[in-house]
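Student: One structure follows; several queries about it will come next.
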Number of protein chains: 2
Amino acid sequence: MRATRFFISTLKEAPADAEIISHKLMMRAGMIKRLGSGIYNYMPMGLRIIRKVENIIREEMNRAGAIEMLMPVVQPAELWQETGRWDKMGPELMRVKDRHGRDFIIQPTSEEAITDVVRSEIRSYRQLPVNFYHIQTKFRDERRPRFGLMRGREFTMKDAYSFDRDTDGLKKSYQIMYDAYTSIFQRFGLQFRAVAADNGAIGGSGSHEFHVIAETGEDALVYCPTSDYAANMEAAEALALSDSRAAASAAMTKTATPGKEKCEDVAALLNLPLTATVKSIVLAVDADEGKEKQIWLLLLRGDHELNEVKVSKVAGLANFRFASESEIVEYFGCKPGYLGPVGTVKPVNLVADRTVANMADFVCGANEEGYHLTGVNWGRDLPEPVVADLRNVVAGDPSPDGKGVLAIQRGIEVGHVFQLGTRYSEDMKATFLDENGKPQLLQMGCYGIGVTRILGAAIEQNYDDKGIIWPTAIAPFEVVICPMGMDRSEAVRTETENLYQALLAAGVDVILDDRGERPGAMFADWELIGVPHRVVVGDRGLKEGKLEYVARRGGEAVHVPVAEMAAFIQARLAE
Amino acid sequence: MRATRFFISTLKEAPADAEIISHKLMMRAGMIKRLGSGIYNYMPMGLRIIRKVENIIREEMNRAGAIEMLMPVVQPAELWQETGRWDKMGPELMRVKDRHGRDFIIQPTSEEAITDVVRSEIRSYRQLPVNFYHIQTKFRDERRPRFGLMRGREFTMKDAYSFDRDTDGLKKSYQIMYDAYTSIFQRFGLQFRAVAADNGAIGGSGSHEFHVIAETGEDALVYCPTSDYAANMEAAEALALSDSRAAASAAMTKTATPGKEKCEDVAALLNLPLTATVKSIVLAVDADEGKEKQIWLLLLRGDHELNEVKVSKVAGLANFRFASESEIVEYFGCKPGYLGPVGTVKPVNLVADRTVANMADFVCGANEEGYHLTGVNWGRDLPEPVVADLRNVVAGDPSPDGKGVLAIQRGIEVGHVFQLGTRYSEDMKATFLDENGKPQLLQMGCYGIGVTRILGAAIEQNYDDKGIIWPTAIAPFEVVICPMGMDRSEAVRTETENLYQALLAAGVDVILDDRGERPGAMFADWELIGVPHRVVVGDRGLKEGKLEYVARRGGEAVHVPVAEMAAFIQARLAE
């Protein structure tokens, strides 16, 4: 590509609404352009990257035996009514009426559409397993679109859907997709991590998220550096921090702690470690089907944080909410800050985190304003508690697989694989006939990659103060040739053209910057855009028969004989 | 591709709602599957064709210097309000509100979006000309979606938009696109014709339609076989059928024609040729801005048809409608069937078609029920008329370029190139600075190809009683290998695999039918799907060292030595 036949548009400053680095750099590099809130034009420079991402995904999906098709953007509401999602999904589902007043949605995902296809196309077990995918425009009406392509409203996803005859088949199809995703992210050239994810109502271990590692990531990824264990924060299991409980050694004593409502303050006042304190969290479950309202008290060690997903899995807490201050006063006879499990006014359901259950001589609120209890012990001052994993893990916690301690890093979710089971096939009556001619529900898996989100995530991982540093596989161009003084020097023109043609002939994705910009502006543009390999053709170098090569990532200039540069570049690209 | 790794789903019968052959065959061949009214899943077999069409378009657009980008599907209403199309467009424009109640549209076309991009990106004449295109999903809420991909609601189009500094530049950009379209349709391997189209309010000669020739086409294409002249019916100029008017030779006479309301019946009754009769068409233009309502009488020769687009270009008739029967009675004192220009009750504006203006001694209604006038002559019985081209041409009419006579064929519109001028840049204030630093309006052109419509049109042109006959360039596969008794014969398996690998290595897009179907079912499937080249591998042929080749289009079986088949196929593909 010659730059004068392409469209390059860079900005010195990012627009004010760009808050994060990837959004700023994509705007400055002319890769996207805002059309409306959360809706972007993909400019020529950005579209090239999207196409490279799509092609890698497509090649690996095809290799894994998935079959590409294309489902519509606008889909009839009836299908979404069959699965109940028409009612369950909130305003993020973009709804539209046609001229006859019939309801449609602009698809945010296509489980319903593919299940509609499959329920009429798949008749026999002989047609299974099968996996269909498409790469399509999606829309999610975010309340507050922001961060450019990271949380836009219109975006592109690859979504795949596998169908199997049984759960063993589903697990195989799932593993094939897990492996394909691993290949895809490896080919992108991004640092990534697959983590076990919470499976929601489905249960089982059938869900993983793929994250691009980035300090700016929204998600905390938990992993064990000395084993394969990895999970997202919601799903990472927290073990008890001691194996057994010490014997009680102190009497339970009411202690004045005026104005000390936080564990940190109480510990400081009492000159105790924070790990000797227990915090109380009060939840409510509203009355439902004859059951009265229940108030629950959850206990965590003072330095730990509640994990709401884990809480929702405790029997009876699926529909919990945080209790109101008036409910707390009604049940505990005390305002928040001094709550504890000993001597509540009305009975509450008590659940202790695993670590709390093994504590002795601990400190908690006294259910009286301005007072805490010290020397509290299970079995003596309190009955033995119901125990559950209620907390977020922290770095240094033991790994659930017993093979080391946990570490935490930040990530950006860009892929998700999920064993859906019969969630959709049941509602939509998607069955096949087994060997005995009996109809059976299809076992379904779904597998998504946020195509446009990959761009944002890749930049969050790979940038410096000059701009973006693309991995070669998804760079808008692999190589840029920057001629110096092309208008003045016949030699520069000749060697530039020779190298350009040699690289084109070798199948290299090269752009020749023939715009006639000054060297400073030209280099700044390509460093901002992030093309990973640059060759400078100038008279000074040519006098010594050499061209200059610089890698975008921390590269020193390398001077390479003119005749060897094409081979040199190809060798770098093959690395 | 091996068939067992792909998804093939054929039907013996088309669904009842498929009315036309392309819709029937695409459904039967498993290329599309209905999700909702006018909304289709593109199944794997169909998507392959779409991708081939897109790639040919993309290559030729890039070669022509156009730059690919991607504009959003969902676009803010504000842009469409700027150009007035938010109000002007009817219910075919799909409108949607987001969660905040803001208005958006699902794009049917992107003039507004690209002009919004360009008005901020293009600052100087140095950046011109520029041409952006995208290949994107569109939506048009057709009142009555039908004919499969021919008149669907969701569809894919390539649309390109050129921007120039002046009309000379626009004409050059337009010609480049015209030439690119010619290359594209040639590469598709379809018979097509580019015809001049009516330019609407813009005027000038700056619009052409590209049609795929098909007897089932909705549009009549006018062309001169002995010259380059070609236009659609709306735009084709009708010359007068005689150069001059004969002298009057008969007296004007009122003749009883009871019950004869049509020219055909009057001519038969009077034993005159239909070409001696004149028909009267009454139009009304409603009162507007101080002008009173006007009634117009248009005269056509009895065998000719009115061309409403031409009528709308007659001065004063831009907003015409057909007159009501009560208006006709009010102005002519007579009901329709016996109307004419002589002796109306109230004054009407009279326009004669060019051919009528040169008639003498003609027959027309007498403005009295049951009577016509014969021997009517201009200048004697009537004042000289206003003359205009009001009619559709018919086959055999003289070509407007004077180089022969016109012929008519049917076509399906699949492309349109259009000189828009400043229609959008004016409303949206899209300017650039010229050499003198003065802002000037951008001159714009737009260029569309209906990607998914191409599939329907190609089939309407290329099918037989067995199914579709794809041109090789856009066939889902170029070649199919059909092994006979693969399960029984080691030799068949070996030679099938050898040929498959040889063709793959040569870059041939080949599918190996390894499903194990019976020969009859296998051949029927591939004839229905329309793969242009078929090789059969069977024991009978192998005994003589030969494989059988059959071309989908009218081919006799050719027996080719095993070792030569790969080269034979490549030679056929290169034809």
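The values are calculated or read from the model by the stated rules, or taken from the named source; none is laboratory data. As the structure is a prediction and not an experimental result, all values here were calculated from the model. Don't worry about glycine lacking a Cβ; one is built from the backbone with ideal geometry, like all the others, and counts go over all protein chains shown.
Student: For a quick check of your reading of the model, give me the residue pairs whose first member lies in the stretch A:517-537 and is over 21 Å from B:Gln127 (Cα atoms), whose second is of a type in the set (Lys, Arg) and crowded, with 22+ Cβ neighbours inside 10 Å, with beta-carbon atoms closer than 8 Å and at least 6 apart or on different chains.
Tutor: Pairs found: A:Glu527/A:Arg552; A:Gly530/A:Arg552; A:Val531/A:Arg552; A:Pro532/A:Arg552; A:His533/A:Arg552; A:Arg534/A:Arg552.
Quick grid of which residues meet (1) within 16 Å of A:Leu190 (Cβ to Cβ); (2) in contact (Cβ under 8 Å) with a residue 60 or more places away in the chain; (3) outside the structural domain of A:Trp526 (by TED's automatic domain parsing):
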{"position": "A:Asp465", "(1), (2), (3)": "no, no, yes"}
{"position": "A:Thr472", "(1), (2), (3)": "yes, yes, yes"}
{"position": "A:Cys482", "(1), (2), (3)": "no, no, no"}
{"position": "A:Arg488", "(1), (2), (3)": "no, no, no"}
{"position": "A:Val492", "(1), (2), (3)": "no, no, no"}
{"position": "A:Thr496", "(1), (2), (3)": "no, no, no"}
{"position": "A:Ala502", "(1), (2), (3)": "no, yes, no"}
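Student: What number goes with the only condition from (1) surrounded by 17 or more Cβ atoms within 10 Å (Cβ to Cβ); (2) at pLDDT 95 or above; (3) not aromatic (Phe, Trp, Tyr) that B:Thr494 does not pass?
Tutor: Unmet condition: (1).
Student: Can you find a residue in the stretch A:361-370 that is surrounded by fewer than 17 Cβ atoms within 10 Å (Cβ to Cβ), assigned to a strand (DSSP E or B) and not polar (S, T, N, Q)?
Tutor: no
Student: I need the full set of residues from the stretch A:441-474 which are assigned to a strand (DSSP E or B), over 20 Å from A:His134 (Cβ atoms) and hydroxyl-bearing (Ser, Thr, Tyr), in order please. Let's see the steps before the verdict.
Tutor: Initial filter on the stretch A:441-474 (assigned to a strand (DSSP E or B)): A:441, A:443-450, A:463-464, A:467-468.
Now drop any that are not over 20 Å from A:His134 (Cβ atoms), which leaves A:441, A:443, A:463-464, A:467-468.
Once the filter is applied, which keeps residues that are assigned to a strand (DSSP E or B), over 20 Å from A:His134 (Cβ atoms) and hydroxyl-bearing (Ser, Thr, Tyr), the stretch A:441-474 yields only A:Tyr463.
Student: What residue, of B:Gly169, B:Gly148, B:Gly189, is at positive phi and in contact with a Pro (Cβ under 6 Å, 6 or more places away or on another chain)? Even if it seems obvious, please write down each step before you answer.
Tutor: Working: B:Gly169 fails: at positive phi; B:Gly148 fails: in contact with a Pro (Cβ under 6 Å, 6 or more places away or on another chain).
None of the others qualify; the one that does is B:Gly189.
Student: Look through B:Asn62, B:Asn55 and report the one residue that is under 29 Å from A:Thr4 (Cα atoms), more than 10 Å from chain A (Cβ to nearest Cβ) and not hydrophobic (A, V, I, L, M, F, W, C).
Tutor: On the way: B:Asn62 fails: more than 10 Å from chain A (Cβ to nearest Cβ).
The conditions single out B:Asn55.
Student: Restricting attention to the stretch A:74-130, which residues are touching a Phe, Trp or Tyr at 6+ places or on another chain (Cβ under 9 Å), within 17 Å of A:Leu441 (Cβ to Cβ), acidic (Asp, Glu) and within 10 Å of chain B (Cβ to nearest Cβ)?
Tutor: Selection gives A:Glu112, A:Glu121.
Student: From the list A:Ile114, A:Ile176, A:Ile184, A:Ile106, which residue is surrounded by 24 or more Cβ atoms within 10 Å (Cβ to Cβ), over 27 Å from A:Pro76 (Cα atoms) and of a type in the set (Val, Ile, Thr)? Can you show your working first?
Tutor: Values: A:Ile114 fails: over 27 Å from A:Pro76 (Cα atoms); A:Ile176 fails: surrounded by 24 or more Cβ atoms within 10 Å (Cβ to Cβ); A:Ile106 fails: over 27 Å from A:Pro76 (Cα atoms).
Just one listed residue meets the conditions, A:Ile184.
Student: On to the next question. Which ones in the stretch A:65-102 are in a loop (DSSP other than H, G, I, E, B), within 19 Å of B:Ser37 (Cβ to Cβ) and among the charged types (D, E, K, R)?
Tutor: A:Asp98, A:Arg99, A:Arg102
Student: May I ask you to verify whether B:Glu264 is assigned to a helix (DSSP H, G or I), among the charged types (D, E, K, R) and either within 22 Å of B:Thr374 (Cα to Cα) or in contact with a Lys or Arg (Cβ under 6 Å, 6 or more places away or on another chain) (or both)?
Tutor: Yes; evaluated as a whole, the condition is true for this residue.
Student: Being under 28 Å from the mean Cα position of the chain (by Cα) and not small (Gly, Ala, Ser) is the filter here, so list the residues in the stretch A:225-280 that pass it. Even if it seems obvious, please write down each step before you answer.
Tutor: From the stretch A:225-280, those under 28 Å from the mean Cα position of the chain (by Cα) are A:225-240; that's our starting set.
Answer for the stretch A:225-280, where residues must be under 28 Å from the mean Cα position of the chain (by Cα) and not small (Gly, Ala, Ser): A:Pro225, A:Thr226, A:Asp228, A:Tyr229, A:Asn232, A:Met233, A:Glu234, A:Glu237, A:Leu239.
Student: Also, quick follow-up: From the list B:Ile67, B:Ile49, B:Ile32, B:Ile39, exactly one residue is within 13 Å of chain A (Cβ to nearest Cβ), surrounded by 21 or more Cβ atoms within 10 Å (Cβ to Cβ), hydrophobic (A, V, I, L, M, F, W, C) and within 25 Å of B:Ala180 (Cα to Cα). Which is it? Before you say what the answer is, go through the steps one by one.
Tutor: On the way: B:Ile67 fails: surrounded by 21 or more Cβ atoms within 10 Å (Cβ to Cβ); B:Ile32 fails: within 25 Å of B:Ala180 (Cα to Cα); B:Ile39 fails: within 25 Å of B:Ala180 (Cα to Cα).
Going through B:Ile67, B:Ile49, B:Ile32, B:Ile39 in turn, just one is within 13 Å of chain A (Cβ to nearest Cβ), surrounded by 21 or more Cβ atoms within 10 Å (Cβ to Cβ), hydrophobic (A, V, I, L, M, F, W, C) and within 25 Å of B:Ala180 (Cα to Cα): B:Ile49.
Student: Right, next: Could you look through the stretch A:1-29, keep only residues that are surrounded by 18 or more Cβ atoms within 10 Å (Cβ to Cβ) and of a type in the set (Lys, Arg), and pick out the one that is nearest to the other protein chains (Cβ to nearest Cβ)?
Tutor: The extreme case among them is A:Arg28.
Student: Same structure, new question: Test A:Ala407 against the criterion of being modelled with pLDDT of 95 or more, surrounded by 18 or more Cβ atoms within 10 Å (Cβ to Cβ) and farther than 18 Å from A:Gly302 by Cα, and give yes or no. Walk me through it before giving the result.
Tutor: On the way: modelled with pLDDT of 95 or more: yes; surrounded by 18 or more Cβ atoms within 10 Å (Cβ to Cβ): no; farther than 18 Å from A:Gly302 by Cα: yes.
Judged against the criteria, A:Ala407 is not a match.
Student: Mind checking whether some residue in the stretch A:179-187 is in the same structural domain as A:Glu413 (by TED's automatic domain parsing), free of Cβ contacts under 8 Å to residues at least 40 places away in the same chain, part of a helix (DSSP H, G or I) and more than 19 Å from the chain's Cα centre (by Cα)? Don't jump to the end; show me each part of the working.
Tutor: We begin by selecting, within the stretch A:179-187, every residue in the same structural domain as A:Glu413 (by TED's automatic domain parsing); these are A:179-187.
Restricting the remaining residues to those that are free of Cβ contacts under 8 Å to residues at least 40 places away in the same chain gives A:182, A:186.
Among the residues that remain, those that are also part of a helix (DSSP H, G or I) are: A:182, A:186.
Narrowing further to those that are more than 19 Å from the chain's Cα centre (by Cα): none.
Among the residues of the stretch A:179-187, not one is in the same structural domain as A:Glu413 (by TED's automatic domain parsing), free of Cβ contacts under 8 Å to residues at least 40 places away in the same chain, part of a helix (DSSP H, G or I) and more than 19 Å from the chain's Cα centre (by Cα), which makes the answer no.
Student: Can you pull out every residue in the stretch B:534-544 that is buried (at least 17 other Cβ atoms within 10 Å of the Cβ), of a type outside the set (Gly, Ala, Ser) and more than 11 Å from B:Cys482 (Cβ to Cβ)? Step through it out loud before you land on a result.
Tutor: Just the residues of the stretch B:534-544 that are buried (at least 17 other Cβ atoms within 10 Å of the Cβ), to begin with: B:534-538, B:541-542.
If we keep only those that are of a type outside the set (Gly, Ala, Ser) too, we end up with B:534-537, B:542.
The answer is B:Leu542, and nothing else.
Student: Take B:Ser110 and tell me if it is among the small types (Gly, Ala, Ser), modelled with pLDDT of 95 or more and closer than 25 Å to A:Arg140 by Cα. Give the derivation first.
Tutor: Details: among the small types (Gly, Ala, Ser): yes; modelled with pLDDT of 95 or more: yes; closer than 25 Å to A:Arg140 by Cα: yes.
Judged against the criteria, B:Ser110 is a match.
Student: Ok, one more. When you scan the stretch B:149-160, do you find a residue that is surrounded by fewer than 20 Cβ atoms within 10 Å (Cβ to Cβ), in the same structural domain as B:Ile32 (by TED's automatic domain parsing), aliphatic (A, V, I, L, M) and at pLDDT below 95, even just one? Outline the logic, then answer.
Tutor: In the first step, residues of the stretch B:149-160 are kept if they are surrounded by fewer than 20 Cβ atoms within 10 Å (Cβ to Cβ); the result is B:151.
The next check asks that each one be in the same structural domain as B:Ile32 (by TED's automatic domain parsing); those that pass are B:151.
Checking which are aliphatic (A, V, I, L, M) leaves us with none.
No.
Student: Let me ask something else about it. Suppose we filter the stretch B:159-178 for residues that are more than 14 Å from chain A (Cβ to nearest Cβ) and part of a strand (DSSP E or B); how many remain?
Tutor: Counting residues in the stretch B:159-178 that are more than 14 Å from chain A (Cβ to nearest Cβ) and part of a strand (DSSP E or B) gives 1.
Student: Take A:Pro258 and tell me if it is surrounded by 12 or more Cβ atoms within 10 Å (Cβ to Cβ) and either farther than 30 Å from A:Ser399 by Cβ or without any contact (Cβ under 8 Å) to a residue 24 or more places away in the chain (or both). Working first, answer last.
Tutor: Values: surrounded by 12 or more Cβ atoms within 10 Å (Cβ to Cβ): no; either farther than 30 Å from A:Ser399 by Cβ or without any contact (Cβ under 8 Å) to a residue 24 or more places away in the chain (or both): yes.
It is false that A:Pro258 is surrounded by 12 or more Cβ atoms within 10 Å (Cβ to Cβ) and either farther than 30 Å from A:Ser399 by Cβ or without any contact (Cβ under 8 Å) to a residue 24 or more places away in the chain (or both).
Student: Then there is this: Of all residues in the stretch A:410-427, which are under 12 Å from A:Arg119 (Cβ atoms) and either hydroxyl-bearing (Ser, Thr, Tyr) or crowded, with 20+ Cβ neighbours inside 10 Å (or both)?
Tutor: Of all residues in the stretch A:410-427, those under 12 Å from A:Arg119 (Cβ atoms) come to A:424-427.
If the condition is that a residue be under 12 Å from A:Arg119 (Cβ atoms) and either hydroxyl-bearing (Ser, Thr, Tyr) or crowded, with 20+ Cβ neighbours inside 10 Å (or both), then A:Tyr424, A:Ser425 are the ones that fit.
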